[in-house]
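Here the structure comes first, spelled out in structure tokens, and everything after it is commentary.
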Amino acid sequence: ATTVERIAAGEVVERPASVVKELVENSLDAGASRVDVTVDGGGTDRIVVSDDGEGMSEADVRAAVQKHTTSKISDIEDLESGVATLGFRGEALHTIGAVSRTTITTRPQDGDEEATELRLEGGEVTRVGPAGRPPGTTVEVEDLFYNTPARRKYLKTDSTEFGHVNRVVTRYALANPDVAVSLTHDDREVFATTGQGDLQGTLLSVYGREVAEAMIPVDSEGEAVGRVHGYVSDPETTRASREYVSTFVNGRYVSDSLLREAVVSAYGGQLAADRYPFAVLFVEVPAGEVDVNVHPRKMEVRFGESETVKREVESAVEDALLDAGL
Ligand code: ADP
Ligand code: MG
């Protein structure tokens, strides 16, 4: 990879969690019903994302690692009408490959083509050959930033990096209860969801029994927002950090202080100081009322009528707490 490419890679791939995010999005875009994520050393040593999605032919995978290759946009109208798939810029595999040792093993669902293994080292394709595996794709990323020492030095401890990875995988697991998502760190399984489609079961798998049992269902319709649904915890079951308030707008994770404040204020002072509830809330907003493409890499949104959205989300949570007698 050229120096320019390596620097450009830094914008897409900042840390192991960004690699995991891109790979998991690709698996979901490929229609996977299971996605297994394995990381070692917080992801700095090794990241493996394996799926049972549509897979790739040898020609597909050769193309996929080239710059700006995407199978997801057929014309400019797709871009303008709002793209349904998660990734659409055709950059992730190329840039991840430029700053690591990456092996892709893939086999298409369709036809009778065998599996292909493609290896990349610092952006160079070093091997393409036959392999054995069932239909689907496995991407293994080793030695992230081995050829960009400045960026490698910037990585935090394994446990900090793993914390970021865990948050990313947790979000996708919560947003996709119909996909079996697992996360393993240094040979220890952190969680595994069943993919059976119910959010409550997914919450149990991800956060454990104590939290799942403290969860109260939310389901309301608003005027500016459409439906607000999901779960929030009772005011006793909290954590000190805000990351346990997970909000999704039209199915996509967003980190939005307005929505977080709406959830917290619904508790009306029942929460201990500096404590956040567990919340997993899906807010469905008419497409014209929200801009989700503010920045494709950041998880921000912009609402047309933000004060109304806030009020309606807050009252949806209030109603749920009232119904539960809290
Ligand atoms: P983008 O997702 O923006 O299209 P990527 O670089 O992430 O770009 O991926 C390039 C292409 O490689 C995708 O468009 C897709 O065709 C293919 N691809 C990547 N990951 C997978 C996967 N897990 N299963 C099937 N195809 C994949
Ligand atoms: Mg992608």
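Here THR116 meets each of (1) in contact (Cβ under 8 Å) with a residue 40 or more places away in the chain; (2) closer than 28 Å to VAL206 by Cα with one exception, condition (2). Within the stretch 25-51, the residues that satisfy the criterion of being within 16 Å of ARG188 (Cα to Cα) and part of a strand (DSSP E or B) are ASP36, VAL37, THR38, VAL39, ASP40, ARG46, ILE47, VAL48, VAL49. Can you pull out the residues in the stretch 19-65 that are among the aliphatic types (A, V, I, L, M), within 7 Å of ligand 1 (Cβ to nearest atom) and surrounded by fewer than 23 Cβ atoms within 10 Å (Cβ to Cβ)? Hits for the stretch 19-65 are ALA30, ALA64.
Residues are listed down the side, and each one gets a yes or a no for (1) surrounded by fewer than 17 Cβ atoms within 10 Å (Cβ to Cβ); (2) acidic (Asp, Glu):
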| site | (1), (2) |
| --- | --- |
| GLN200 | yes, no |
| GLU223 | yes, yes |
| ARG260 | no, no |
| VAL290 | no, no |
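Strands (runs of 3 or more DSSP E) fully within the stretch 52-170 that include at least 3 residues being of a type outside the set (Gly, Ala, Ser), within 15 Å of ligand 2 (Cβ to nearest atom) and at pLDDT 95 or above: 101-107, 136-142.
Quick check: is even one residue across the stretch 292-300 over 23 Å from VAL206 (Cβ atoms), hydrophobic (A, V, I, L, M, F, W, C) and modelled with pLDDT under 95?
Yes, because at least one residue in the stretch 292-300 is over 23 Å from VAL206 (Cβ atoms), hydrophobic (A, V, I, L, M, F, W, C) and modelled with pLDDT under 95.
Only one of the numbered conditions (1) farther than 18 Å from TYR231 by Cα; (2) more than 18 Å from the chain's Cα centre (by Cα) is violated by MET299, and that is (2).
The values are calculated or read from the model by the stated rules, or taken from the named source; none is laboratory data. Remember, it's a predicted structure, so these values are computed and weren't measured experimentally. No Cβ is skipped: glycine too gets one built from the backbone with ideal geometry, and neighbour counts run over all protein chains shown.
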